[in-house]
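Enquirer: Have a look at this one before I ask anything.
The values are calculated or read from the model by the stated rules, or taken from the named source; none is laboratory data. All of these numbers come straight from a predicted model, not from anything done at the bench. Positions of Cβ are backbone-derived with ideal geometry, glycine not excepted, and every protein chain shown enters the neighbour counts.
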Amino acid sequence: MIYFCADDYGISRSSNTRIEECLKKGVLNKISVLPNGDVSDFNERLLGENVKLSLHLNLIEGYPLSKKEDVSLLVSDKGFFKHSFIGLFFLSLFGNRRLLEKQLYNEIKAQIDFWKNRMGENTPILIDSHQHTHMIPLIFRTLMRVIREEDVELEYIRIPAEPIFPFIKSPSLYLTFSPVGLVKQWLLKFLNLVNRREFKKANIKSAAFMGILFSGRLTEDKINKLLPHYKKQNENIEIAFHAGYLENGEPLIDGCRPRFMKFYYSKWRREEYNTLINFRKD
């Protein structure tokens, strides 16, 4: 099974509309929803469609779903999340780990509770996260503790550790990725190794992942070059897109980080939108 997944549903109403267009007109069959985004009616709009819905755990942008005082290490004076992936990573290593874990527990539980309330108490949950922050070991362990202690029925967790073999076998793509993508790919592979014991203990179901090295820049040509090599070793594959492009001036949710604006308005999100609309499956 190949899951064509659109991340960041909820970052803005305009973005949501374009993701829904990919669902109706293209190959999109999975949508990852920001629980603290513009998602007041997402279940009415998406349930009943032939699509998997995933909780896009968000500790990076927007308002938390917990009370501000319950997540004080995670938010600014204005009440928005204040840390990037790297900020959370270093906070988890050098900050007040006990207090941080408690506050992470509060927010992760609040976001899962939101999801269960919207999707149904007994509906199995699929989980990934905004910028893959759930791969940070302390956050992953806390997520697993919430799942155990709150008796969450887990269907799937994204493990964004891209296999290397397909890229080695695709030399024409060697010079088409960004150095930042390469660093992210190897960092996430390292964190995957750190978390492996937790994965096995929890018997987590996942899929081979594509969408780090070419994050935000996936085209049909790149996918068609990589996919045959993925299929040789993997039964289930998830390909992550950021297809909810924005035109200049279209608003985002409150609390989006200025440093990410360039990506939200980039031409590459439109390119990924076009890829999902026009992609031809074998």
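Enquirer: Just one of the numbered conditions (1) part of a helix (DSSP H, G or I); (2) in contact (Cβ under 8 Å) with a residue 60 or more places away in the chain is not true of L23; which one?
Expert: With (1) part of a helix (DSSP H, G or I); (2) in contact (Cβ under 8 Å) with a residue 60 or more places away in the chain applied to L23, the lone miss is (2).
Enquirer: Are there any pairs with C-beta distances below 8 angstrom linking a residue in segment 139-152 that is in contact (Cβ under 8 Å) with a residue 12 or more places away in the chain to a residue that is among the polar types (S, T, N, Q) and part of a helix (DSSP H, G or I), with the two at least 6 apart or on different chains, and if so which?
Expert: Within 8 Å, the pairs are I139/S92; I139/T133; F140/N195.
Enquirer: Okay, next question. Can you name the residue in segment 51-66 that is touching a helix residue (DSSP H, G or I) at 6+ places or on another chain (Cβ under 8 Å) and either part of a loop (DSSP other than H, G, I, E, B) or without any contact (Cβ under 8 Å) to a residue 40 or more places away in the chain (or both) and is also farthest from R257 (Cα to Cα) among such residues? Break it down stepwise before answering.
Expert: If we filter segment 51-66 for residues that are touching a helix residue (DSSP H, G or I) at 6+ places or on another chain (Cβ under 8 Å), which is where we start, we get 51, 53, 55-61, 64-66.
From the residues that got through so far, the ones that are either part of a loop (DSSP other than H, G, I, E, B) or without any contact (Cβ under 8 Å) to a residue 40 or more places away in the chain (or both) too are 51, 58-61, 64-66.
Details: V51: 29, N58: 13, L59: 12, I60: 8, E61: 6, P64: 14, L65: 17, S66: 19 Å.
The qualifying residue farthest from R257 (Cα to Cα) is V51.
Enquirer: Any idea which residue in segment 67-94 is nearest to G26 (Cα to Cα), counting only those that are surrounded by fewer than 19 Cβ atoms within 10 Å (Cβ to Cβ) and small (G, A, S)?
Expert: S84
Enquirer: Ok, one more. Within segment 134-148, is even one residue at pLDDT below 95, over 26 Å from C256 (Cα atoms) and not in a helix (DSSP H, G or I)?
Expert: Scanning segment 134-148, I find no residue that is at pLDDT below 95, over 26 Å from C256 (Cα atoms) and not in a helix (DSSP H, G or I), so the answer is no.
Enquirer: Restricting to segment 51-66, and then to whatever is within 19 Å of Y3 (Cα to Cα) and among the hydrophobic types (A, V, I, L, M, F, W, C), can you tell me which residue is surrounded by the fewest Cβ atoms within 10 Å (Cβ to Cβ)? Don't jump to the end; show me each part of the working.
Expert: The first filter runs over segment 51-66 and keeps only residues within 19 Å of Y3 (Cα to Cα), leaving 51-57.
Keeping just the survivors that are among the hydrophobic types (A, V, I, L, M, F, W, C) gives 51, 53, 55, 57.
Numbers: V51: 18, L53: 21, L55: 23, L57: 26.
That would be V51.
Enquirer: If only one of R257, R269, R217 is buried (at least 16 other Cβ atoms within 10 Å of the Cβ), within 18 Å of S129 (Cα to Cα) and basic (K, R), which one is it?
Expert: Matching residue, one of R257, R269, R217: R257.
Enquirer: Report, by residue number, each residue of segment 142-164 that is surrounded by 15 or more Cβ atoms within 10 Å (Cβ to Cβ) and either more than 16 Å from N192 (Cβ to Cβ) or out of contact with any Leu (no Cβ under 7 Å at 6 or more places or on another chain) (or both).
Expert: Of everything in segment 142-164, those that are surrounded by 15 or more Cβ atoms within 10 Å (Cβ to Cβ) and either more than 16 Å from N192 (Cβ to Cβ) or out of contact with any Leu (no Cβ under 7 Å at 6 or more places or on another chain) (or both) turn out to be T142, L143, M144, R145, V146, I147, V152, L154, I157, R158, I159, P163.
Enquirer: So, in segment 30-50, exactly how many residues are part of a loop (DSSP other than H, G, I, E, B) and either small (G, A, S) or surrounded by 18 or more Cβ atoms within 10 Å (Cβ to Cβ) (or both)?
Expert: Total meeting the criteria: 8.
Enquirer: Look at K232 and say whether it is modelled with pLDDT under 90, among the basic types (K, R), exposed (fewer than 13 other Cβ atoms within 10 Å of the Cβ) and over 22 Å from F4 (Cα atoms). Can you show your working first?
Expert: Numbers: modelled with pLDDT under 90: yes; among the basic types (K, R): yes; exposed (fewer than 13 other Cβ atoms within 10 Å of the Cβ): yes; over 22 Å from F4 (Cα atoms): no.
No: the conditions fail for K232.
Enquirer: Which of (1) surrounded by 21 or more Cβ atoms within 10 Å (Cβ to Cβ); (2) assigned to a helix (DSSP H, G or I); (3) within 20 Å of the chain's Cα centre (by Cα) does V194 not meet, given it meets every other one?
Expert: It fails just one condition, (1).
Enquirer: Now for a separate question. Taking the condition of being within 30 Å of E153 (Cα to Cα) and touching a helix residue (DSSP H, G or I) at 6+ places or on another chain (Cβ under 7 Å), how many residues in segment 193-225 meet it?
Expert: Number satisfying all stated conditions: 8.
Enquirer: Okay, next question. Looking only at segment 88-118, which residues are closer than 18 Å to E149 by Cβ, in contact (Cβ under 8 Å) with a residue 40 or more places away in the chain and either of a type outside the set (D, E) or out of contact with any Leu (no Cβ under 9 Å at 6 or more places or on another chain) (or both)?
Expert: L104, Y105, N106, I108, K109, A110, Q111, I112, F114, W115
Enquirer: Filter segment 233-258 for residues that are touching a residue at least 40 places away in the same chain (Cβ under 8 Å) and not in a loop (DSSP other than H, G, I, E, B); which is nearest to the chain's Cα centre (by Cα)? It would help to see each step written out before you state the result.
Expert: If we filter segment 233-258 for residues that are touching a residue at least 40 places away in the same chain (Cβ under 8 Å), which is where we start, we get 233-247, 250-257.
Checking the rest, the ones that are also not in a loop (DSSP other than H, G, I, E, B) come to 233, 237-241.
Numbers: Q233: 23, I237: 15, E238: 11, I239: 11, A240: 8, F241: 10 Å.
Among those residues, the one meeting the criterion is A240.
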